[in-house]
Each structure stands twice: as structure tokens, then as C-alpha cells.
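**Q** One structure follows; several queries about it will come next.
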Amino acid sequence: MTSTTPACPNAAEPQSPEASGWIRRFAGLIPAGGAVLDLACGGGRHSRLLLQLGHPVTAVDRDLTRLGGLDSHDDFSAQCHDLEDGSAFPFSAGSFAGVVVTNYLYRPIIADIVRAVAPGGILLYETFAQGNERFGRPSNPDFLLAPGELLDAAAGQLRVLAYEDLVVERPKPAAVQRICARRELLA
Ligand SMILES: C[S@@+](CC[C@H](N)C(=O)[O-])C[C@H]1O[C@@H](n2cnc3c(N)ncnc32)[C@H](O)[C@@H]1O
């Protein structure tokens, strides 16, 4: 189902136009030239980074109005999709060498997100965690990761290369969890 709703219910506004430091730090681990999914891409700050690094990017969001000139990039494709409408997750298992999710949480699709990582591929996920209530939005528990929740999502499927559960000061104080994890190559 498509939507043009401009609202951003997970948002802790304003968002930084810069790529997240976590994503910049680990994007180089995504296999060279491999296809990347930027899920709930927003304005496409990570799509831009990944295109610069030589990856074809598929970006998904229910609101594609903030992508600027990205649409004209040969290696970029955008899909307008409501990820929470109850329909099947739009990508099959092992579709992407990299999956990037930032500042977005919809628990029913976390397992699908993990499954979308191909053997040898990398999951980079960073979003708000419990404790963020004291800094402002998001404060709805539906949008806040529970302690260890990203580790639990990766458990038994991905090898965790880096994980943090902390309070960051920039771009504004926030409680976040973030993970970099790889699906090991099949033997
Ligand atoms: C806080 S923004 C994060 C954008 C981007 N990942 C970033 O960090 O710059 C959350 C994004 O999730 C998208 N979103 C919220 N609910 C959605 C849904 N049901 N289906 C698809 N995208 C959704 C919003 O449109 C928005 O772009």
C-alpha cells in the first residue's frame, strides 16, 4: 500500500542531515558493490552515503517526498511502501549485502529485516532505546528498543561485530541502541 503521509511518528526532530556516525563507521564492511536496502529512508541521508561508496541502493519509505535529487541517480531506486499495513515484507530473505535502518522501529518486521541480509552481508541498525523518554520524543514504548533487543534480533543468525546501548549527545541528547552484525558466509 502506498501513502504520501508526511508525518514521521518515530522522529526525534530535527533530524541531522548528516549520515549517522555509526553508519559511516561501519558502512565500509558492506561487501563492495553489493546492493543495499535503506529502510524507512526519510530524506535519504544514508542512501546518499551508500551511493557514494559504490552500492546500488533500494530505499523504502511511506513518504518519498524528501529525497531531493536522489531519484535521478542510476543506482538508486525508491519504493513507496507502508511497512506497517500488515502486508508481507516487500523483500525476501538474503536480498541485500547491506541493510541499513536508522531512527525507525516497527517490531513486527524486525525478523524480516534480519532475514533480508544476504550471506556475507551486514546489518546496520541504530534507533532510540528505552530511557529516551527523559530527553523527549520518541517516548512511546512502541518506538523504543528494550535492553538488548537488537542483540536478541540478531541472535542465532548474525555475528555481532559491534553493539552499543548508550546516551549520545549529538545531534541531540538521546538514548540509542546500535548494532553492526554480519551474516556469516555459508560453509
Ligand atoms: C525518524 S525518520 C528516519 C529517517 C531515516 N532513516 C534517517 O535516519 O534519516 C522515520 C522514517 O520512517 C518512515 N516511516 C514511518 N512509518 C512508516 C511506515 N509505516 N512505512 C514506511 N515508512 C515509515 C517515515 O516516513 C520516516 O521517513
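Please treat every number below as a calculation from the coordinates, not as lab data. Computed from a predicted model, the values in this text were never measured in an experiment. Counting neighbours? That spans all protein chains shown, and the Cβs are built from the backbone with ideal geometry, glycine included.
**Q** Can you name the residue in segment 157-181 that is of a type in the set (Asp, Glu) and part of a strand (DSSP E or B) and, of all such residues, is surrounded by the fewest Cβ atoms within 10 Å (Cβ to Cβ)?
**A** Checking each candidate, the answer is GLU164.
**Q** Could I ask something else about it? Working carefully through the options ILE23, ILE30, find the one that is surrounded by 15 or more Cβ atoms within 10 Å (Cβ to Cβ), away from the ligand (no atom under 11 Å from the Cβ) and touching a residue at least 24 places away in the same chain (Cβ under 8 Å).
**A** Every option except ILE30 fails the conditions.
**Q** Now for a different question. For segment 18-66, which residues satisfy the criterion of being in a strand (DSSP E or B) and not β-branched (Val, Ile, Thr)?
**A** Of everything in segment 18-66, those that are in a strand (DSSP E or B) and not β-branched (Val, Ile, Thr) turn out to be LEU37, ASP38, LEU39, ALA59, ASP61.
**Q** How many residues are closer than 18 Å to PRO108 by Cα and part of a loop (DSSP other than H, G, I, E, B) if we restrict to segment 139-155?
**A** Residues in segment 139-155 being closer than 18 Å to PRO108 by Cα and part of a loop (DSSP other than H, G, I, E, B): 6 in total.
So that you can scan it fast, the table gives a plain yes or no per residue for (1) in a helix (DSSP H, G or I); (2) over 23 Å from ALA19 (Cβ atoms):
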residue: ALA78; (1), (2): no, no
residue: ASP82; (1), (2): no, yes
residue: GLY86; (1), (2): no, yes
residue: ALA93; (1), (2): no, yes
residue: VAL100; (1), (2): no, no
residue: PRO108; (1), (2): yes, yes
residue: GLY121; (1), (2): no, no
residue: TYR125; (1), (2): no, no
